[in-house]
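Structure first, commentary second.
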Amino acid sequence: MTAPIGSLLPWDPLELAAAAGRHLSAEAAIYFETTAVFPPTHDNESAWAQWRFAPRVARDVAEVSTAVELLGTKMGSPILLAPCAYAGHAHPEGEVAVARAAATAGSTFVVSSAAGVEPGDVARGASGPCWLQVYVSRDEQQVAPMLARAESAGFRAVVVTVDAPVASIRRSGYVPDRGYVDPMLRARPHASPLNPSVTWSTIERIAGLTSLPVLVKGVLRADDARAAIDHGA
């Protein structure tokens with residue numbers, strides 16, 4: 001009998017990271033460890049540690065559910081599986097395996113536009129809902145075709161990254177996966193393909209080009225959240 005996956009994986013994040021490192025190549029470990037900057041910041045973890053739950057008691061909890069519906073997508077809890085590029089370094093099936101894991105957990109997988117597998121293939125083969133994370137290309141002529149491909153592949157929403165005007169600065173020693181390469185990255189192989197001129201008008205234009213819900217990724221301020229909504233997100 002196969003043991004539940006929860007019994008096979010450590011629950012402590014540091015232990016989980018150490019276990020993952022033992023199964024990754026050196027360059028893959030560097031990529032996943034350093035996130036968008038090096039050295040990585042621990043401010044998020046410190047801020048999260050300040051929150052405390054104050055549970056209410058004497059409530060009927062015989063039947064409870066964390067299920068929600070967000071933008072027409074039903075999921076087991078209000079938690080998304082965030083985009084991470086080059087998953088093929090961690091598993092031979094790459095993002096296809098990640099999509100399968102997300103569906104098993106009842107989550108929604110946000111597929112990175114820098115996936116090692118063509119994102120449309122991931123969405124078409126997934127047994128659960130997928131949203132597509134996108135960067136806005138310097139070549140705005142690529143935006144409409146990209147949105148059309150997302151719709152035809154069955155993505156439920158588009159998640160536009162706005163906090164990356166330049167390519168991320170990562171620790172040296174990492175060589176990217178060279179399987180599938182997004183057309184935007186192919187067009188500018190030796191320079192940052194990211195558009196530093198993205199504004200709220202860009203978001204408004206994207207929202208007008210697709211019937212899919214448009215979300216904005218990278219917002220950290222309430223006034224920016226309001227601006228996103230005001231411009232169609």
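Pairs are defined by a Cβ separation below 6 Å, a sequence spacing of at least 6 or placement on different chains, a first member in the stretch 153-167 that is over 16 Å from residue 114 (Cβ atoms), and a second member that is aromatic (Phe, Trp, Tyr); the pairs so defined are 156/131; 157/131.
Entry remark, the stretch 62-73: residues being in contact (Cβ under 8 Å) with a residue 24 or more places away in the chain and in a strand (DSSP E or B) number 2 in total.
Restricting 181, 214, 166, 175 to those that are at pLDDT 90 or above and either within 21 Å of the chain's Cα centre (by Cα) or more than 16 Å from residue 146 (Cα to Cα) (or both) reduces the list to 214.
A Cβ distance below 9 Å, combined with a sequence gap of six or more or placement on separate chains, defines the contacts here; from the stretch 33-61, residues that are farther than 30 Å from residue 89 by Cβ reach no residue that is modelled with pLDDT under 90. Assess whether residue 33 counts as being in contact with a Gly (Cβ under 9 Å, 6 or more places away or on another chain), among the charged types (D, E, K, R) and either at pLDDT below 90 or surrounded by fewer than 15 Cβ atoms within 10 Å (Cβ to Cβ) (or both). Yes: the conditions hold for residue 33. Cβ separations smaller than 7 Å between residues 6+ apart or across chains give the following pairs from the stretch 108-124 residues that are touching a residue at least 60 places away in the same chain (Cβ under 8 Å) to residues that are charged (D, E, K, R): 113/182; 114/182; 115/95; 116/95; 116/177; 117/95. Looking across the stretch 195-231, the residues that are among the small types (Gly, Ala, Ser) and buried (at least 17 other Cβ atoms within 10 Å of the Cβ) come down to 207, 228. Criterion first (more than 23 Å from residue 210 (Cα to Cα) and hydrophobic (A, V, I, L, M, F, W, C)) does residue 97 satisfy it? It is true that residue 97 is more than 23 Å from residue 210 (Cα to Cα) and hydrophobic (A, V, I, L, M, F, W, C). Within the stretch 72-83, restricting attention to residues that are under 19 Å from residue 150 (Cα atoms) and in contact with a Ser or Thr (Cβ under 6 Å, 6 or more places away or on another chain), which residue is surrounded by the fewest Cβ atoms within 10 Å (Cβ to Cβ)? Going through the qualifying residues, I end up with 73. It is to be established whether one or more residues within the stretch 94-113 are of a type in the set (Phe, Trp, Tyr), surrounded by 14 or more Cβ atoms within 10 Å (Cβ to Cβ) and at pLDDT 95 or above. Checked the stretch 94-113: at least one residue is of a type in the set (Phe, Trp, Tyr), surrounded by 14 or more Cβ atoms within 10 Å (Cβ to Cβ) and at pLDDT 95 or above.
The values are calculated or read from the model by the stated rules, or taken from the named source; none is laboratory data. Quick caveat: nothing in here was measured; it's all calculated off a predicted structure. Neighbour counts run over all protein chains shown; Cβ positions are idealised from the backbone, glycine included.
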